[in-house]
Amino acid sequence: MAKVGFILVVYVVVVLLSLAATAVHAQGTRFGFYRATCPEVETIVRSTVQSHFQMDPSIAPGLLRMHSHDCFVRGCDASVLLAGPNTERTAVPNRTLKGFEVIEDAKSQLEDLCPGVVSCADILAIAARDSVVLTGGLGWEVPTGRRDGRVSLVSEVKLPGFSDSIEVQKEKFMSMGLNTHDLVTLAGAHTIGTASCRFFSYRLYNFTTVTKSGADPALNPSLVGRLRALCPQDGDGSNRVELDIGSPEIFDLSFYKNLRDGRGILESDQMLWNDDSTRPIVRHYLGMRILRRVSSFRVEFGRSMVKMSNAQVKTGLLGEIRRVCSEVN
């Protein structure tokens, strides 16, 4: 028992050191960046996210998704927040993003308190973390100091897609300095939230040459009837289905259990279990516990989020600090 306890302690220390190292080696971000210039930033963002969350719990997965979509184009520079024709917001995957008003609300309050100091990119990174906490996940310290980008182009939006193969997903994550472990870990964000039928309904009808039912053979047959009722073949694809069946509002391990049982909604998610290179990581999360009750996934998710949020960021004299998040100064 003593040996097991020692191993668990060492594991926790390694994870915490990895978190710290990720931040220290980031491109200019650091913990407590606003300590002297705007010390209330995290309190204001947290209370703003919580206020909106109480009115609409879907804000949490919305903000988490928005932060990810922002980071995968030009780094985490709040370019996804810029409004206007041909901006990132007009790309198909971004048209259903949710939570813009939350970021603007927090930004307005911060501009009143410490004008021209806090970037929209940092507000979004903090709000994503707070969204995880509000849904039952563990928090992490967010390194700050990002600056806002001035460019947002729909042509540059090449996000990981719902039908991407594992190899394509790996390539897109690798371009961000993220590895296969980060890929599987960050996919766990789908433990909260929903997806439009248009992103997966082909799995219900387009496999007639493979299965008698016409459904994707990787999809648990017990789900097919229910999903077809929600996503009829002649529908417009706008109906939404929970990504983590049975636990869509709680940040937990249920998402990975569903993958194991063939109940992943997005094809790209289900591939994480079906592929030999990613299945061991899913199994790791399903089996590993830290200090009895805390899953290693909940700890490692924060580490991968910090790593993603530090990729290709603008700091120092790059970019700007926007006055309004939806437009450049």
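Brief remarks follow.
- Cut-off 10 Å between beta-carbons: net charge of the residues surrounding residue 41, Lys and Arg +1, Asp and Glu -1: -1
- Amide H contacts of residue 295 (H built 1.01 Å from N, under 5 Å, at least 5 apart or other chain): 290
- Helix 2-24 and the long axis of the chain differ in direction by around 60°, with both axes built from C-alpha atoms.
- Amide H contacts under 5 Å for residue 251: 136, 137, restricted to partners 5 or more places along the chain or on a different chain, H placed in the peptide plane at 1.01 Å from N.
- The chain, helix-only ellipticity at 222 nm - DSSP H runs n ≥ 4, -39,500 (n - 2.57), divided by all residues, nearest 500: -14000 deg cm²/dmol
- Within the shell defined by Cβ-Cβ distances under 9 Å, the residues around residue 62 carry a net charge of +1, with Lys and Arg each +1 and Asp and Glu each -1.
- At a probe radius of 1.4 angstrom, the accessible area of the range 86-175 per residue rounds to 40 square angstrom.
- To the nearest ten degrees, helix 59-71 and the longest principal axis of the Cα atoms of the chain are 80 degrees apart.
- Prolate/oblate/rounded call for the range 246-329, Cα gyration tensor, a/c under 1.5 rounded: prolate
- Of 174, 308, the residue with the largest accessible area leads and the full order is 174, 308 (1.4 Å probe).
- Shape category assigned to the range 171-329 from the gyration tensor of Cα positions, a/c cut at 1.5: oblate
- Close amide H contacts of residue 178 (hydrogens built in the peptide plane, cut-off under 5 Å, sequence separation of 5 or more or a different chain): none are found.
- Spatial separation of Cα centroids for the range 49-94 and the range 106-155, in angstrom: 11 Å
- Rounded to the nearest whole Hz, the Karplus-based 3J(HN,Hα) values (6.51 cos²θ - 1.76 cosθ + 1.60, θ = phi - 60°) of the range 160-173 follow the sequence x, x, 5, 10, 4, 5, 4, 5, 5, 4, 4, 4, 5, 6, with x at glycine and proline.
- Evaluating 6.51 cos²θ - 1.76 cosθ + 1.60 at θ = phi - 60° for every residue in the range 208-221, the Karplus couplings come out as 5, 8, 10, 10, 5, 6, x, 8, 4, x, 7, 8, 4, x Hz, glycine and proline recorded as x.
- Pairs exceeding 32 Å between alpha-carbon atoms, taken from 257/307; 107/257; 98/307: 107/257.
- Solvent-accessible area assigned to carbon and sulfur over the chain amounts to 57 percent, based on a 1.4 Å probe.
- Our summary gives the chain a relative contact order of 27 percent, counting only alpha carbon pairs under 8 angstrom and 6 or more residues apart.
- Using the Cβ of residue 324 as centre and a radius below 9 Å, the other residues enclosed give a net charge of 0, where K and R count +1 and D and E count -1.
- The range 236-245 - phi-based ³J(HN,Hα) in whole Hz, Karplus 6.51/-1.76/1.60, Gly and Pro as x: 8, x, 8, 4, 10, 10, 5, 6, 10, 4
- For the chain, alpha-carbon Rg relative to the globular expectation (2.2 N^0.38 Å, N residues): 1.00
- Calculated over the range 201-291: convex hull of Cα atoms, volume per residue (Å³): 103 Å³
The values are calculated or read from the model by the stated rules, or taken from the named source; none is laboratory data. Please read all numbers here as calculations on a predicted model, not as lab measurements. All Cβ positions, glycine included, derive from the backbone under ideal geometry; neighbour counts span all protein chains shown. For the accessible areas, the whole protein counts, side chains as well, though only heavy atoms, and no ligand, DNA or RNA atoms are used. Shrake-Rupley method; radii C 1.70, N 1.55, O 1.52, S 1.80 Å.
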